[in-house]
Structures are given as structure tokens and as C-alpha cells.
1. So which residues in segment 11-44 are of a type outside the set (S, T, N, Q), at pLDDT 75 or above and within 16 Å of the ligand (Cβ to nearest atom), if there are any at all?
2. Tell me, which helices (runs of 4 or more DSSP H) wholly within segment 78-195 include 2 or more residues that are in contact with a His (Cβ under 6 Å, 6 or more places away or on another chain)?
3. Does segment 368-386 include one or more residues that are touching a residue at least 24 places away in the same chain (Cβ under 8 Å) and within 30 Å of residue 206 (Cβ to Cβ)?
4. On the given criteria, is residue 159 within 16 Å of the ligand (Cβ to nearest atom), modelled with pLDDT of 95 or more, surrounded by 19 or more Cβ atoms within 10 Å (Cβ to Cβ) and under 25 Å from residue 261 (Cβ atoms)?
5. Quick one: which of 204, 226 is within 18 Å of the chain's Cα centre (by Cα), surrounded by fewer than 16 Cβ atoms within 10 Å (Cβ to Cβ) and of a type outside the set (S, T, N, Q)?
6. Which of the following residues is crowded, with 19+ Cβ neighbours inside 10 Å, within 28 Å of the chain's Cα centre (by Cα) and farther than 23 Å from residue 206 by Cβ: 270, 260, 277?
7. Can you find a residue in segment 50-58 that is under 20 Å from residue 224 (Cα atoms) and in a helix (DSSP H, G or I)?
8. Right, residue 174: within 16 Å of the ligand (Cβ to nearest atom), modelled with pLDDT of 95 or more and under 23 Å from residue 266 (Cα atoms) or not?
Amino acid sequence: MSPPFPSSQKANPDDRRTLKTMKLWREKQGRDARVDEYTAGNDPVLDLELVPYDCLASIAHARMLRAAKVISAGETLALEKELRTIMSAARAGRFKIRPEEEDGHTAIENRLVRRLGGSGKKIHTARSRNDQVLVALRLYSRDKLDETRTALARLVETLNRLGKTYRSARMPGYTHARKAMPYSVGRYFRAFADALKDDLALIASARRLNDQNPLGTAAGYGVPLAIDRELTTRLLGFRKTQRNALYTQNSRGKFEAVILFVLSQVMLDLQRLAHDLILFSMDEFGFFILPERFCTGSSIMPQKKNPDVLELVRASLAVVHSGYFRVMEILKGLPSGYHRDLQLTKEPLILGFKHTLKTIGIVDLVLGELRVDKGKCRRACTEEVYAAEQVYRLVGKGIAFRDAYRKISRLY
Ligand code: ARG
């Protein structure tokens, strides 16, 4: 197919002026500024996270347009150079998105047009902001899932180390918040290592789902131009190309929900650990001693060493899990195709990653300096904790379980 315009087309200097704060869509009449503000919402801030990923995808897209002979080699190079400049500006916190630009995608394109004129205007060939935001989110999520996996694997190691150190230290196990049977401090910590290993498997499966290239599906119905979608898939290192354009659009939010569900599982395990640590470090238990460096004081009670860090770990589950519900609530009312509603699935995803990553990091630090009072743990294993063992000793001597149980129960 012949390119829709000659690749040597020169920039018209006038265009640079009119495009300064232009929207990506044609404006038919003036709009109330409050509409801009309302529809942009938090995008000018949130999209700062996505700008580097949009630039990466745009570079791959430009190379694909070059291969399709839509743009020249020179234009591709110029676009790539400018996109890399934007990427480093964004990473250094120097890229600004003006509210009237709506979002990061528009801000990037406006800058390309301002700097490069005509070639900047060609980058949007064969794509829409709908697949543009999708691809940026997929690349962002892939990175963040990898960061989460690395941090979590480190935490698993810390827990395994505690498991080994305290393998033979006794402590009571509890059911219904009452002493139940003897267990070991080491096995207590290993319970969390095992839980997080399952979470790592969930992360791997969310990563696999997310690892599909949406670029080139445009608004959700493809483009009337022969484009090589496999090329951008390869360039961006995606596992596969997401083929059906409409489903690609419909999977926005669905993948975010899966990711947030998985992150909620991580947070659920960490909140349980946090609650246990708060409880077991109370004076009344004294099993664990929280590192003082990670405790906070009180403005009125000089003796206090409060576990605020662990309390915020506990509450952070709510932030992540409610994000999952927020995405599901937005999705459940939507028919096929793109709808602006989807924009609001971005914030819970970004917040979900932020809270989970920070929480994993701080829990790892606390555990790294946690001390265990083995004596208190052992002394808490009072006689009744061994009642079930006494029963089984009788069973070992050939007494029927029910009879043995009744016999021992008379002692307590
Ligand atoms: N900021 C928008 C979002 O996150 C980008 C896509 C806008 N697309 C559109 N058709 N209005 O959804």
C-alpha cells in the first residue's frame, strides 16, 4: 500500500503555532474550560508515570511506520531522538503536562509537533490514543510487576532466613486467639514465605496475561492501512500480539483488575503478618521485639514505642483491594469498546503498585531487624498446649482416640 503522504513533506511553520496547545481531536466549537478540567481529572499528574512508556512505544511505532514507508529514515531518527529526550526529561521529573492538554499522550505529541513540525504530525498515523494508552499501561505494568516480583523474592529470602534461625524455637500456635498446639517460630515465619511464594506464581500469571501487544488496534477497530503489528510486538518485547481489535479494547480494565487482585493477595498476606507482629510484640506476649528504629513515639506518653509502620501496612491492604473493586465497578457497567470511564481505572492501578511496592520494602526492613525472645516464646507453651500430644501418646499405646481424648480432657 502506498503511504498516505510523501515522507519528505516539510513542516509548515504556521502549524507549530496553531498546534501549541492543541487537542488531538478537531475542535468544532469553543468549550467551557471546566469541561477540560473535569475530563482531564488527575491525568496530568498520573500520566507522568506513563510518559516514558509512551515514548518507548512511540519509538517502536515510528520504526514500524518507517518500515511501512509512511515516514522517512530521517524523520524516524528525529522522532526517536526527541522521544528519548522527552523520556529522560520525564524520568528526571522535568516533563510537564498542562491541564489543557488533557493527558500525557497529547503532551508528547504537542511537543513533537512543536519541535519537529510535520514529522511530529505523522506519528499518530495508524494509532489512536486508545491503543496508545493501552500499550503504555502494559509496558508500565510489566515493569512494575517485575519490580514487585524482585522485591517479593527478597522478602521470601528474609523470611526463610528467619525460618532457619528459629527452626527449633518453640512457640504456641493459636486458633480462635487461644493457645492450641506447640509450633515453632521458624515454621511460623516459613508460613509467610510459602504464602508469598504462591503470590509470586500469581504475579507470574498476571505478567503473562499483561504481556500482549495492543498497539495497532487503534480505537478498537483496527486501521485501514497495512501495518506490521508483529514488528512492534518484537521491538517492545511482548510475548504476543493481541489480535482482535475490539477485545483488545475490552481488555482494558480487565487486566488491571487481575493485577490488582494479585497485588491484593500480597497485601493480604502482609497485613496478616503485620497484625501478628503487632500482637506478638505487645508486652503481654513479648515474643518479638520490634526494631526501635522502625517504631514511632507519642507526643504525650514518653514511654511509647508504637508500631505505626505495621499499622499502615495493615491499612494499605484497603487501598490496594479497594482499587480492585473500583476497577470492577467501572467495568461492570460498560458495553463493548472504548469509553472515557476507563480513564479512571488508571489511578487505582498506579496507587496499587505504589502501595504494594512500598509495603513489601518496609516489611523486609522491619523483619531484617526483628528480634525474637526465645525464652518468652518457650515459656508461653504452658502445659495445656501439649494436651493433644498427651492424647496421641495414649493412642500410640493402643487406646481408642475417643477414650484417650476423654481421659486427657478430665485433666483440664
Ligand atoms: N486519557 C485517556 C484515557 O486514559 C486517553 C484515551 C483518550 N481517548 C479518547 N478516545 N478520549 O482513557
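1. 31, 35, 36, 37, 38, 40, 41, 43, 44
2. 129-165
3. Within segment 368-386, the first condition is being touching a residue at least 24 places away in the same chain (Cβ under 8 Å), and the residues that meet it are 368-374, 376-378, 380-382, 384-386.
From what is left, the residues that are within 30 Å of residue 206 (Cβ to Cβ) are 368, 370.
Yes, segment 368-386 contains at least one residue that is touching a residue at least 24 places away in the same chain (Cβ under 8 Å) and within 30 Å of residue 206 (Cβ to Cβ).
4. Criteria not met by residue 159.
5. 204
6. Only one candidate qualifies: 277.
7. Yes - at least one qualifying residue is present in segment 50-58.
8. So residue 174 does not fit the description; no.
The values are calculated or read from the model by the stated rules, or taken from the named source; none is laboratory data. The shown structure was predicted, so the numbers you read here are calculated from the model rather than taken from an experiment. Heads up, the Cβs are rebuilt from the backbone with ideal geometry, glycines too, and the neighbour counts pull from every protein chain shown.
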